[in-house]
1. In the stretch 40-62, what residues are touching a helix residue (DSSP H, G or I) at 6+ places or on another chain (Cβ under 8 Å) and either away from the ligand (no atom under 13 Å from the Cβ) or assigned to a loop (DSSP other than H, G, I, E, B) (or both)?
2. Collect the residues in the stretch 178-206 that are surrounded by fewer than 15 Cβ atoms within 10 Å (Cβ to Cβ) and in a helix (DSSP H, G or I), keeping them in residue-number order.
3. Residue under question is residue 224, and the condition is that it be loosely packed, with under 13 Cβ neighbours inside 10 Å, outside the structural domain of residue 34 (by TED's automatic domain parsing), without any contact (Cβ under 8 Å) to a residue 24 or more places away in the chain and farther than 30 Å from residue 57 by Cβ; does it hold?
4. Looking at 166, 171, which one is surrounded by fewer than 17 Cβ atoms within 10 Å (Cβ to Cβ), at pLDDT 90 or above and more than 30 Å from residue 67 (Cα to Cα)?
5. Here is a list: 13, 119, 70. Which entry is touching a residue at least 24 places away in the same chain (Cβ under 8 Å), part of a helix (DSSP H, G or I) and within 16 Å of the ligand (Cβ to nearest atom)?
6. When you check residue 118 against the structure, is it under 24 Å from residue 208 (Cβ atoms) and modelled with pLDDT of 90 or more, yes or no?
Ligand code: CA
């Protein structure tokens, strides 16, 4: 039991540089991950033995034992052989890249990197290595909904939703592009026995839009005049 799908994915950050640890922790948590930190190889091995993470972000240049060597040790141990590892490094030479991947890392990110690039790489490695993570996750455009933890993010921002807006978004995420009228949404999201005015749907759509549409991002909910609503990226955006 490694926790994938029952909790937010947990990322172990192995890095000795405090400013980078802070940057990584902040951005990963904002994107809906839990984090733990180890400052050298020994701490990393202890942290992995104590609570196996869902992914390790491993700096190459560490005191005492290099990231490459830690990666090799993780790959030798049957317990951690399949643990996803992304190497972080200031090196960008082709030979180093090959050495990094030969040590068994799943991916390789060269410093300096943008937080959104790193998070995209983390998600890509997790999708590839952890199908369970994918199954419990609904995505459309830059929206990610984690069904197990009930968390929603857009890009690298966590979105706070009320329970009705969460159900409404989930219903739409499962059927992107399809138009639903108010009665259909009432039946599916509130239940057929609910004694609610169809106009209530508009109120919750408005709240959902307000929560999801961050400054500078396109509106993902299309209003179809006299027909209803659809989750759809407006091509005009
Ligand atoms: Ca370092």
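1. Once the filter is applied, which keeps residues that are touching a helix residue (DSSP H, G or I) at 6+ places or on another chain (Cβ under 8 Å) and either away from the ligand (no atom under 13 Å from the Cβ) or assigned to a loop (DSSP other than H, G, I, E, B) (or both), the stretch 40-62 yields 45, 48, 53, 54, 55, 56, 60, 61, 62.
2. 183, 187, 199, 202, 203, 206
3. So residue 224 does not fit the description; no.
4. It is 171.
5. 70
6. For residue 118, the condition - under 24 Å from residue 208 (Cβ atoms) and modelled with pLDDT of 90 or more - is not met.
Table: residues versus (1) touching a strand residue (DSSP E or B) at 6+ places or on another chain (Cβ under 6 Å); (2) crowded, with 22+ Cβ neighbours inside 10 Å.
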{"position": "69", "(1), (2)": "no, no"}
{"position": "76", "(1), (2)": "no, no"}
{"position": "80", "(1), (2)": "no, no"}
{"position": "88", "(1), (2)": "yes, yes"}
{"position": "98", "(1), (2)": "no, no"}
{"position": "109", "(1), (2)": "yes, no"}
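Residue-wise test of (1) within 30 Å of residue 150 (Cβ to Cβ); (2) outside the structural domain of residue 149 (by TED's automatic domain parsing); (3) within 13 Å of the ligand (Cβ to nearest atom); (4) not in a loop (DSSP other than H, G, I, E, B).
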site: 19; (1), (2), (3), (4): no, yes, yes, yes
site: 29; (1), (2), (3), (4): yes, yes, no, yes
site: 65; (1), (2), (3), (4): no, yes, yes, no
site: 80; (1), (2), (3), (4): yes, yes, no, no
site: 100; (1), (2), (3), (4): no, yes, no, yes
site: 105; (1), (2), (3), (4): no, yes, no, no
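The values are calculated or read from the model by the stated rules, or taken from the named source; none is laboratory data. Quick caveat: nothing in here was measured; it's all calculated off a predicted structure. Using ideal geometry, Cβ is built from the backbone for each residue, glycine included, and neighbour counts are taken over all protein chains shown.
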